[in-house]
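Quick note: the coordinates plus some simple rules give every number you see, no bench work behind them. None of the values given here were measured: they were computed from a predicted structure. Quick reminder, even Gly has a Cβ in these numbers, built from the backbone with ideal geometry, and neighbours come from all protein chains shown.
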Amino acid sequence: MATRISTEATPENIAIALDMLASVPDQLAELGERLSPEKLEQPIAAGERSPRRVLVHILNCEARAADAIYSALLLRAPLVPRIHPERHWGKLLRYEQFDYDDLLGYFKFRRQVLLGVLQGLSEKRWARDIRQQGKQRRETVYLLARGTALHETEHIQDIKRKLALAPD
């Protein structure tokens, strides 16, 4: 079942999003400890990513979202270029060449930095926004953080659900 958070940037919803963002590195570490190096490389189901490839995907998406958040906090309604997290960003950075533990360490560091920026933001700063190339709707810092939290949590829940159903 998918986790839900309202799109309204109330203090309660912000706290939920921050808690979700803070919990992701530990959940990914738990998966890494639970699975053998071989299992981390195997697709969790036919035609799907391996747990390591899911981490690569999460890193690519997190990097794009964090970049947009930082831009929103530094600039007035910046125009964020349309760069796809995997087709463009991932192709450039090639995280897939690294092993799970290195990717996890890098993700943990990035998450600490992001949480350090987000924690303690005023209501006004949570409402700062970006314009995305080719889109009419503006995204606020809250909506970007919320979307990142939901996206990452859904991937982790999907892996856990499929691993619980997978035969040993």
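Normalised radius of gyration (Cα atoms, divided by 2.2 N^0.38 Å) for the chain: 1.06.
Positive-end ranking of G47, A77, F98 along the dipole of the range 1-105, with charges on Cβ about the Cα centre, is headed by A77. Annotation: the residues H155, H88, sorted from fewest to most other C-beta atoms within 10 Å of their own C-beta, follow the order H88, H155.
Counted residue by residue at 0.36 nm each, then reduced by the alpha carbon distance between them, the extension gain from L74 to A29 reaches 13.0 nm.
Taking the longest Cα principal axis of the chain as reference, the axis of helix 11-34 is set at about 20 degrees.
Taken about its Cα centre, the chain carries a charge dipole of roughly 860 debye when the Cβ of each Lys and Arg holds +1 and the Cβ of each Asp and Glu holds -1. Helix 51-74 axis versus longest C-alpha principal axis of the chain: approximately 10°, rounded to the nearest ten. Segment A15..R49, full-extension length gain: 9.2 nm, with 0.36 nm per residue of separation and the alpha-carbon distance subtracted. Computed from Cα atoms, the angle from the helix 100-118 axis to the main principal axis of the chain rounds to 20 degrees. Backbone geometry of the range 120-131 corresponds, through the Karplus equation with coefficients 6.51, -1.76 and 1.60 at θ = phi - 60°, to 3J(HN,Hα) couplings of x, 5, 6, 4, 5, 6, 5, 8, 4, 9, 10, 10 Hz, x marking Gly and Pro.
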